[in-house]
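The structure under discussion appears below in the form of structure tokens.
The values are calculated or read from the model by the stated rules, or taken from the named source; none is laboratory data. From a predicted model like this one, the values you see are computed outputs, not experimental measurements. Don't worry about glycine lacking a Cβ; one is built from the backbone with ideal geometry, like all the others, and counts go over all protein chains shown. For accessibility, only protein heavy atoms count, side chains too; no ligands or nucleic acids. Shrake-Rupley method; radii C 1.70, N 1.55, O 1.52, S 1.80 Å.
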Amino acid sequence: MTQGNGMRATLQRRMLLLGMVPRQPRRVSAPELVERLQARGLDTTLRTIERDLEALSAFLPLGRDERDRPYGWYWLADAPLQDMPALDPETALTLQILDAHASRLLPPSARERLAPQVARAREVLEATGQSSGLSLWPERVRILPNGPPLDPPAIPEGVFATVQQGLLERRCLDITYRSRSKNRVRDHRIRPLALVFREPVTYLLATIAPHQDVLHLAVHRVEAAALTEVPARDPDVGFDLDQLIQEGAFDYPEGDTIRLELCVSPTLAYHLHEARLSDDQIIEPEADSERSRVTATVRDTAHLKWWVLGLGAGVEVCGPTHLREAIAEELDRARERYQDCGT
């Protein structure tokens, strides 16, 4: 092998090696690195990798845990991120948006691992200059709730991280839960299945051993949570989160699908032209009226009722009969209360 080829091989090996060393507190041993490099097709030896690590640690922020053999190597926790290749502004912007809007979706260990990348992304965007559209993007884009901005309920300290860890590691949790419907506090052993964020409430989907039915537990009502060593498992019939959501589990179902018929104002008709209720939605103008008739196949849920009631005088439910009567009854009760306030 010529000197040039030897230098290229050494550089390639060391670049791959650095990418395999984790950040503190994680660590990796030289024998593990040899196995990983050989799996990538590099023919190397333990002694070569040990020499590489010793040489690189002389000028890079690499640490070595000498408490046990084989020694564990790691990047120091406060080591600046080394970009190979350099982090481009578009990727930096993506990391910034992820940190701002999706941090709750990640378990603590993943957020911790991303912290150096997010800090580096901030530096990259700042370096593009104030006139750059990319650097201004986080300040010029917002996501607003559909309704009043409700503050999320307070979750007891430590509970959410423990719940995330149990879900991540597929381990059962021992929890103390305050039931809203029965207004009592009880201890349970649960098998965590999924987390669903429906603003402003975070829900933990779980089964309570030894039962199989999937429950929706509001995380802010979990007063205490502890990890166990017991493995968690899915229900015997399986678990599909997307199917559960599609079936209306988070819309408070009250029946099967219905053929909804609405008489709506011109403003609402225009809105439903743009944002449809269903794929089979039909909007037809009513004769001798400014209103339109909307028909669509939807699920019969409490959420549907709340939506209709929120539209006020802009909508009239024409069918089905049970929904029309339920809405009329609710409006009658509301009118009575407003009349009582005026006397």
Inset, instruction - Considering (1) within 30 Å of Asp88 (Cα to Cα); (2) open to solvent by less than 50 Å² (accessible area, probe 1.4 Å), say which one Ala194 fails and leave the rest. - result: (1)
Legend entry - Condition met for Asp256 (part of a loop (DSSP other than H, G, I, E, B), surrounded by fewer than 16 Cβ atoms within 10 Å (Cβ to Cβ) and either of a type in the set (Asp, Glu) or under 21 Å from the mean Cα position of the chain (by Cα) (or both)): no
Legend entry - Test: Thr257 is polar (S, T, N, Q) and either under 30 Å from Thr295 (Cα atoms) or touching a Gly at 6+ places or on another chain (Cβ under 9 Å) (or both): yes
Legend entry - Qualifying positions in segment 160-214 - of a type in the set (Gly, Ala, Ser), over 29 Å from Arg111 (Cα atoms) and outside any strand (DSSP E or B): Ser181, Ala209
Legend entry - From Val214, Val264, residue being hydrophobic (A, V, I, L, M, F, W, C), farther than 30 Å from Glu325 by Cα and at pLDDT 90 or above: Val214
Legend entry - Residue count, segment 303-329 (criterion: of a type in the set (Gly, Ala, Ser) and in contact with a strand residue (DSSP E or B) (Cβ under 6 Å, 6 or more places away or on another chain)): 1
Legend entry - Listing of strands (runs of 3 or more DSSP E) fully contained in segment 280-343 that carry 3 or more residues being more than 35 Å from the chain's Cα centre (by Cα): 282-285, 315-319
Legend entry - Among the candidates Gln246, Gln281, residue that is under 25 Å from Ala326 (Cβ atoms), out of contact with any strand residue (DSSP E or B) (no Cβ under 6 Å at 6 or more places or on another chain), free of Cβ contacts under 8 Å to residues at least 40 places away in the same chain and not small (Gly, Ala, Ser): Gln246
Inset, instruction - Could you tell me which numbered condition Gly238 fails, if it satisfies all but one of (1) exposed (fewer than 14 other Cβ atoms within 10 Å of the Cβ); (2) touching a Phe, Trp or Tyr at 6+ places or on another chain (Cβ under 7 Å)? - result: (2)
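Listed here are the residues, each with its yes/no results for (1) surrounded by fewer than 17 Cβ atoms within 10 Å (Cβ to Cβ); (2) farther than 20 Å from Asn146 by Cβ; (3) touching a helix residue (DSSP H, G or I) at 6+ places or on another chain (Cβ under 8 Å).
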residue	(1), (2), (3)
Ala296	no, no, no
Gly319	yes, yes, no
Leu323	no, yes, yes
Ala334	yes, yes, no
Legend entry - Pairs, first under 30 Å from Ala275 (Cα atoms) in segment 146-172, second open to solvent by 40 Å² or more (accessible area, probe 1.4 Å) and modelled with pLDDT under 90, C-beta under 8 Å, six or more apart: Leu150/Glu199; Pro152/Glu199
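Yes or no, residue by residue, for (1) closer than 21 Å to Ile258 by Cβ; (2) open to solvent by less than 100 Å² (accessible area, probe 1.4 Å):
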residue: His273; (1), (2): no, no
residue: Asp279; (1), (2): yes, no
residue: Glu284; (1), (2): yes, no
residue: Arg293; (1), (2): yes, yes
residue: Val308; (1), (2): yes, yes
residue: Asp340; (1), (2): no, no
Inset, instruction - With the condition kept exactly as written, say whether any residue in segment 97-109 is touching a strand residue (DSSP E or B) at 6+ places or on another chain (Cβ under 8 Å) and open to solvent by 80 Å² or more (accessible area, probe 1.4 Å). - result: yes
Inset, instruction - Within segment 45-59, work out how many residues are in a helix (DSSP H, G or I) and of a type in the set (Gly, Ala, Ser). - result: 2
Inset, instruction - Could you give me the residue pairs with C-beta distances under 6 Å whose first residue belongs to segment 112-135 and is under 12 Å from Asp99 (Cβ atoms), whose second residue is in a helix (DSSP H, G or I) wherever it lies, and which are 6+ apart or on separate chains? - result: Gln117/Leu95; Val118/Leu95; Val118/Asp99; Ala121/Ala92; Ala121/Leu95; Ala121/Gln96; Leu125/Ala92; Leu125/Ser135
Legend entry - Residues that are basic (Lys, Arg) and surrounded by 12 or more Cβ atoms within 10 Å (Cβ to Cβ), drawn from segment 41-83: Arg51, Arg64
